[in-house]
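K.L.:
I'd like to ask some things about the structure below.
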Amino acid sequence: MSSADNPASVNSQSHSINSSAYDLVVVGGGIIGAWTAYKAGKRGLKILLLDAQKIGSGASGGLLGALMPHMPERWDGKKQFQFEALEDMPLEIAQLQNETGIDCGFNRCGRLAPIMNETKRGQMLGHGANVDEFWLGKYQWQIVDQPFETDWPSADKAICGLVYDSLSARVNPRGLLNALRSAIIKDDNITLLEGTALTSYDAEAKQAFLSDGQSISFSHIVLSAGNNTFGFIAPELDVATLALGRPIKGQAAMLSADIDPDWPIVFDNGVYVISHGNGKVAIGSTSELEFSDPYATDQKIDDAIKRARELCPLIKDAPVIEKWAGLRPRAAGRDPLIDVMPDHPNVIVSTSGFKITFGVAHKMADVAIEHVMGKLTTTVPDSFKIAAHLAKARRAEIQDNLS
Ligand SMILES: Cc1cc2nc3c(=O)[nH]c(=O)nc-3n(C[C@H](O)[C@H](O)[C@H](O)COP(=O)(O)OP(=O)(O)OC[C@H]3O[C@@H](n4cnc5c(N)ncnc54)[C@H](O)[C@@H]3O)c2cc1C
């Protein structure tokens, strides 16, 4: 398999635009738009995938790639949707890898989370009481007394043991994006246009207007432009863009360290330590609502690296090879936002997911394509729908007005 380069750094290789109408225009080549275009291509649709910069140039082009399940308790539609997506992922990735020869770095490595006190240990035991019912007896959620490997994490950090789950996994975000890009370029059904943005669209006239002055006819359009999606739909929903969805800055880092690629993710108090194999360990991530430069790294990631080194002493001297910052899209309700626009069933919105997007994007793509084909068969939780996000956005607007 070839190495997983950063897709955003690959030279743009766009097809020339064909002037006839497209069945589907996909706006944004992040993890959501790339899966959507790739999977729609398999259905024989004629697709234009647009990216203002390049595939993987937004939040998706980062370093971490944690695929962390929700806890196996208080089960609901959102947890079921994510569980099914995480279950499907190895097969989806295997198909993509076979097709492209590009390694996506998927590994169901599990996760260890240290427990610092007895109260927490009791709570963690409680969270997993019904694991076999919700995770279908296939994956574990258990309390272990010691790390499996010395200093992964340090036993000092796990005074009251650790929670281990075997459903958590990781993927190499850039490897996955690179594989999707490679498959998209090979697919004659898909035209990839990088370096060109959607400026506006007219749902009734079925026209998309692009930054290079072209207008494109479409039957359906999927708005998967990450944070920029909110600006396209908020005016039509009559809500403030920032109330509907706002960017949350995050910083992450890659260290050079030879850690077994099968070792579990270590997660403690917001800090992830992920062995990606090939001598690389990812650290993340910060969550910042306030920031001056969205793409600058600063002391906050250095603090996270320090905590990661204390957590996992095996990386205490590992050199930092990259630091990275990006903006996560977060819709008002935090959950993914996937729905058709009111009155315009040919306009599909697909964004957000916040910290779980990599584990669900392929299933969000299925939902978007089902909307395009006019037959929704996947069960979509109400909390993913526009109405739920809009209700939260309106509450946020009222609070802002009162404060
Ligand atoms: C530090 C950090 C760590 C993270 N860690 C994880 C993790 O471990 N696991 C996880 O699941 N998630 C994680 N996330 C979140 C995850 O990266 C995002 O939720 C996800 O990448 C969002 O994907 P997207 O496709 O919606 O948006 P993006 O990746 O932002 O893609 C949007 C694309 O749209 C393009 N675009 C924008 N406007 C236009 C326009 N007008 N016309 C055409 N194209 C346009 C952009 O160029 C961009 O390529 C992390 C995020 C950060 C910042």
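K.L.:
Roughly how many Å² is the accessible area per residue of region 155-216, as a whole number, for a 1.4 Å probe?
P.N.:
Accessible area per residue: 35 Å².
K.L.:
Output the pairs from K306/K392; K39/K392; K79/K323; K206/K355; K39/K355; K39/K323 with a Cα-Cα distance over 28 Å in this structure; if there are none, say none.
P.N.:
In this structure, K306/K392; K39/K392; K79/K323; K206/K355; K39/K323 exceed 28 Å between Cα atoms.
K.L.:
Net charge around R111, counting only other residues with Cβ within less than 11 Å of its Cβ (Lys, Arg = +1; Asp, Glu = -1)?
P.N.:
Here the charged neighbours net out to 0.
K.L.:
For region 333-403, just say rounded, prolate or oblate: build the C-alpha gyration tensor, square-root its eigenvalues into a ≥ b ≥ c, call rounded for a/c under 1.5, and beyond that prolate if a/b exceeds b/c, oblate if not.
P.N.:
Oblate is the answer for region 333-403, as a/c is 1.5 or above yet b/c matches or exceeds a/b.
K.L.:
Related question: Determine ³J(HN,Hα), in whole Hz, for all residues of region 21-26 in sequence, where each value follows from phi through the Karplus function 6.51 cos²θ - 1.76 cosθ + 1.60 and θ = phi - 60°; x replaces Gly and Pro.
P.N.:
In residue order, the calculated couplings are 6, 9, 5, 8, 9, 9 Hz.
K.L.:
Taking the convex hull of the Cα atoms, report for region 225-287 its projected area averaged over all directions, in nm².
P.N.:
5.8
K.L.:
For the cross-link pairs K138/K280; K280/K316; K46/K385; K42/K186, which exceed 18 Å when the distance is taken from alpha carbon to alpha carbon?
P.N.:
K138/K280; K46/K385
K.L.:
Roughly how tilted is helix 386-402, in degrees to the nearest 10 and between 0 and 90, from the longest Cα axis of the chain?
P.N.:
The angle comes out near 80 degrees.
K.L.:
With a 1.4 Å probe and all protein chains left in place, how much of the accessible area of region 276-403 comes from carbon and sulfur atoms, in whole percent?
P.N.:
Within region 276-403, the accessible surface is 50 percent carbon and sulfur.
K.L.:
Sticking with this one: List the residues, sorted by chain then number, that are 5 or more residues from H276 or on another chain and whose placed amide H is less than 5 Å from its amide H.
P.N.:
Hits under the 5 Å cutoff: V281, A282.
K.L.:
Follow-up question, since we're still on this one. Which trypsin sites (Lys or Arg not before Pro) in region 29-76 sit in a loop by DSSP (not H, G, I, E or B) and have at most 14 other Cβ atoms within 10 Å of their own Cβ?
P.N.:
For trypsin sites (Lys or Arg not before Pro) across region 29-76 that sit outside H, G, I, E and B with at most 14 neighbouring Cβ atoms in 10 Å, the list reads R43, R74.
K.L.:
Stick to the Cα atoms of the chain, pair each with every other, and give me the Kirkwood hydrodynamic radius in Å at one decimal.
P.N.:
Radius from the Kirkwood sum: 21.8 Å.
K.L.:
Can I ask one more? Return the carbon/sulfur percentage of the accessible area of region 175-253, one whole number, probe 1.4 Å, all protein chains in place.
P.N.:
46
K.L.:
Oh, and also: Could you give the accessible area per residue of region 347-403, probe 1.4 Å, as a whole number in Å²?
P.N.:
Normalised by residue count, the accessible surface of region 347-403 is 45 Å².
K.L.:
So if I take the centroid of the Cα atoms in region 348-369 and the same for region 131-186, what is the distance between those two points in Å?
P.N.:
Between the Cα centre of region 348-369 and that of region 131-186, the gap is 20 Å.
K.L.:
When a/c reaches 1.5 or more, the comparison of a/b and b/c decides; with that in mind, is region 91-135 rounded, prolate or oblate per its Cα gyration tensor?
P.N.:
Oblate.
K.L.:
Quick one: divide the alpha-carbon radius of gyration of region 215-367 by 2.2 N^0.38 Å and tell me what you get.
P.N.:
1.25
K.L.:
Now for a different question. Given the options T377, T229, T241, state which has the largest fluctuation in a GNM of the chain using a 10 Å cut-off (strictly under) for Cα springs.
P.N.:
In this elastic network of the chain, the residue with the biggest mean-square fluctuation among T377, T229, T241 is T377.
K.L.:
Select from region 338-381 those trypsin sites (Lys or Arg not before Pro) which occupy a DSSP coil region and have at most 10 other Cβ atoms within 10 Å, ordered by residue number.
P.N.:
The qualifying sites are K375.
K.L.:
Out of residues 5 or more away from T191 or on other chains, whose amide H comes under 5 Å of its own, with H placed 1.01 Å from N in the peptide plane?
P.N.:
Hits under the 5 Å cutoff: I47, L48, L49.
K.L.:
Longest segment of the chain with no GluC sites (Glu not before Pro) in a DSSP loop having at most 16 other Cβ atoms within 10 Å?
P.N.:
No qualifying site falls inside 74-203, the longest such stretch.
K.L.:
I've got another one for you. For the chain, with a Gaussian network of springs between Cα atoms less than 10 Å apart, report the residue from G277, G213, G250 with the top mean-square fluctuation.
P.N.:
Judging by the Gaussian network model, the answer is G213.
K.L.:
Now, a different point. Between M116 and K186, 0.36 nm times their residue separation minus their Cα-Cα distance comes to what?
P.N.:
Full-extension gain reported as 20.1 nm.
K.L.:
Compare F291, F384, F83 in a GNM of the chain, Cα atoms joined below 10 Å, and give the one with the largest fluctuation.
P.N.:
The residue with the greatest mean-square fluctuation here is F291.
K.L.:
A follow-up question, please. Treating the angle as unsigned and between 0 and 90°, give the value, to the nearest 10°, between the Cα long axis of helix 173-186 and the longest Cα principal axis of the chain.
P.N.:
30
K.L.:
Next up: Using only Cα atoms, find the angle between the long axis of helix 228-237 and the longest principal axis of the chain, and express it within 0 to 90 degrees, rounded to the nearest 10.
P.N.:
Helix 228-237 sits at roughly 60 degrees to that axis.
K.L.:
Among DSSP beta bridges lying fully in the chain, give the percent that are antiparallel, nearest 5.
P.N.:
If I count the DSSP bridges inside the chain, around 70 percent turn out antiparallel.
The values are calculated or read from the model by the stated rules, or taken from the named source; none is laboratory data. Here the structure is a predicted model, which is why all the values come from computation and not from measurement. FYI the Cβ positions are ideal-geometry reconstructions off the backbone, even for glycines, and counts take in every protein chain you see. Ligands, DNA and RNA are excluded from the accessible area calculation, which covers all protein heavy atoms including side chains. Shrake-Rupley method; radii C 1.70, N 1.55, O 1.52, S 1.80 Å.
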